[in-house]
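Here is the structure we will look at, set down as structure tokens.
The values are calculated or read from the model by the stated rules, or taken from the named source; none is laboratory data. The structure presented is a predicted model; accordingly, all values stated were derived computationally and were not measured. Positions of Cβ are generated from backbone atoms using ideal geometry, with glycine treated the same way; all protein chains shown enter the neighbour counts. Areas reflect the complete protein model, heavy atoms only, side chains present, ligands, DNA and RNA absent. Shrake-Rupley method; radii C 1.70, N 1.55, O 1.52, S 1.80 Å.
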Amino acid sequence: MAPILQVKNLQHIYSVGTPFEHVALNDVSFSVERGEFIGIIGHTGSGKSTLMQHLNGLLKPTSGTIELDGKSIWADKKTTRQARFRVGLVFQYPEYQLFEETVYKDIAFGPKNMKLPADEIDRRVREAAGFVGLSEEQLEVSPFDLSGGQKRRVAIAGVIAMEPEILILDEPTAGLDPEGREEILKNINDYRKAKNATIMMVSHSMSDVARMADRLLVMSGARLMMDGTPDEVFTHARELLDMGLDIPEITHVFMKLRQMGLPVEPVYTVEQAVSQLVRLKGGNVHA
Amino acid sequence: MLKDITLGQYFPGKSPVHLLDPRTKLIMLVVYIVALFLAVSWISYAVMFAFLVIAIAVSRIPLKSIVKGMKPLVFILVFTGILNIFFTTGEKELVSFWGIHIYWEGIVRAFFMMIRILMLITGTFLLTYTTSPIALTDGLESLLGPLKVLRLPVHELAMMMCIALRFIPTLIEETDKIMSAQKARGADFESGNLLERVKALVPILVPLFISAFRRADELATAMECRCYHGGDGRTKMKLLRYKGRDYGTYGLGILLLAGVIVLRSFGL
Ligand SMILES: Nc1ncnc2c1ncn2[C@@H]1O[C@H](COP(=O)(O)OP(=O)(O)OP(=O)(O)O)[C@@H](O)[C@H]1O
Ligand SMILES: [Mg+2]
């Protein structure tokens, strides 16, 4: 199958021609298949957010192309606008963009801009609210009366309601407690399954991306340094650490165990770790 | 992008102009503006212009940035020029149509007015481009210090200005971010009639105000936590002190002003 999204030799320079000129992306190329879950990791300032804003046409590349279904999103005005709806982008700390009187109206903002009929808007708002676990009553309250985690969910629902084929989330779990994080990750997975959507998620939590993603993109210093399955990426633990990135805690533990002489393979999720330990103990599952 | 607006932005650097005491630069700007309004002839304008060009060259501010900063002011410039061309009467009539007479004097006057505004703004840019907001308010506070006798809250005013200047880039960045976020939800700020465009601003203004108030709150708390309680007894880490180059600059300023006045007294 042809990739849904193809990025070729993307370069972005901020503030060209001023003393603040800054290369934020340098020769980045990759492609995304329909239905994939891609995790994007990289240290602070490596260009992740900049890259994400290119994928729905918010930022225009200094050079390079972005193709959605084989057609450049900058081909003409209509295509660019279409890309905004087909590629939904949830920003870092999206709760700061809420503005409407009620949660319902805020979620409806995107679908309204798509000029959908009223009953379709209503259906989408309710469905999106369902995906993120907001109740009927909560739809009628002011978004400013909600807790931080709930606000975040309203903001995510606001993008989901546009039913994008590709849903991009920039650190959706930043600043939430473990329970809130789990729920948001589950919401994202629910949406993916229901709509067969493609997900791209930027995260600083290695264990989250290791667990959720089929594929990882590793950014460092404005470049794409690695592109592969979590298996492939986390076998390069040394390089990751050198790039100032962390590896999942469980990988750390198992590296230590290996150093101590235990015959274990490298792992990056808790499930893998369990099965390894079980194997070590001789197949006995009641540990 | 909004961020690219350079009006009043500081360009860090180490040129002799950057290193001058902010008080020197403030006073020099005043001297320069006074001289500009006293200048009446081609010769004095040429002198002022040369002074400005040298100052820009020494400061190593790229000309491009200054030209870019001018862009928002093109309208005012053109407007001033047109007004002066149409409404100045004189002796040498050049053309007349529809009852409008255009005189040679009008054109000369329009030219001088535009040059004056351009030079005035460039001078101001030179100050803000080479002086950090903090240094600028420090300088102002120190220069206005004597007014404390008149019970003018000089320190508070300077602090307010300092905070306002400090937060302009932050708010611009924030506006940029909120605009992008709303655009990602299909908001359209570029098309529609006036009413629709004004309406399109609501999704930006509401979050912007909320975050501005939140920031103000946080800042107030942070300042209180560091025991800030006004200017009384507050000492400074960086004391302003005049150096040789400041005296030299003042000398140049006096020379410039005197020169323009002498030229003026000769009717030049
Ligand atoms: N609007 C802008 N103007 C100028 N420079 C910018 C702008 N936005 C980002 N940058 C710079 O570009 C670089 C990449 O920024 P970006 O926000 O893409 O990083 P990131 O990988 O998302 O970091 P983080 O993990 O902190 O979110 C940074 O060095 C940043 O300073
Ligand atoms: Mg980011």
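Before moving on, here are some points about what is shown:
- If you go through the range B:242-253 and keep only what is open to solvent by 70 Å² or more (accessible area, probe 1.4 Å) and either within 21 Å of B:Ser142 (Cα to Cα) or of a type in the set (Phe, Trp, Tyr) (or both), you end up with B:Tyr242, B:Lys243, B:Arg245, B:Tyr247.
- Residue in the range A:227-244 that is modelled with pLDDT of 85 or more, surrounded by fewer than 18 Cβ atoms within 10 Å (Cβ to Cβ), under 14 Å from the mean Cα position of the chain (by Cα) and in the same structural domain as A:Leu89 (by TED's automatic domain parsing) present: no
- Residues of the range B:46-85 classified as within 14 Å of chain A (Cβ to nearest Cβ) and either open to solvent by less than 80 Å² (accessible area, probe 1.4 Å) or of a type in the set (A, V, I, L, M) (or both), total: 9
Let's see how each residue does on (1) touching a Cys at 6+ places or on another chain (Cβ under 8 Å); (2) farther than 30 Å from B:Trp42 by Cβ; (3) open to solvent by less than 70 Å² (accessible area, probe 1.4 Å); (4) not in a loop (DSSP other than H, G, I, E, B):
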{"site": "B:Val206", "(1), (2), (3), (4)": "no, yes, yes, yes"}
{"site": "B:Ala216", "(1), (2), (3), (4)": "no, yes, yes, yes"}
{"site": "B:Asp232", "(1), (2), (3), (4)": "no, yes, no, no"}
{"site": "B:Leu240", "(1), (2), (3), (4)": "no, yes, yes, no"}
{"site": "B:Ile261", "(1), (2), (3), (4)": "no, no, no, yes"}
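- Condition check for A:Glu136 on (1) out of contact with any helix residue (DSSP H, G or I) (no Cβ under 6 Å at 6 or more places or on another chain); (2) in contact (Cβ under 8 Å) with a residue 24 or more places away in the chain; (3) away from ligand 1 (no atom under 16 Å from the Cβ); (4) not basic (Lys, Arg): one failure, at (2).
- Which listed residue, of A:Met206, A:Met212, A:Met243, is out of contact with any helix residue (DSSP H, G or I) (no Cβ under 9 Å at 6 or more places or on another chain) and in contact (Cβ under 8 Å) with a residue 60 or more places away in the chain: A:Met243
- Index of the failed condition, A:Glu36 passing every other in (1) away from ligand 2 (no atom under 16 Å from the Cβ); (2) free of Cβ contacts under 8 Å to residues at least 40 places away in the same chain; (3) open to solvent by 10 Å² or more (accessible area, probe 1.4 Å): (2)
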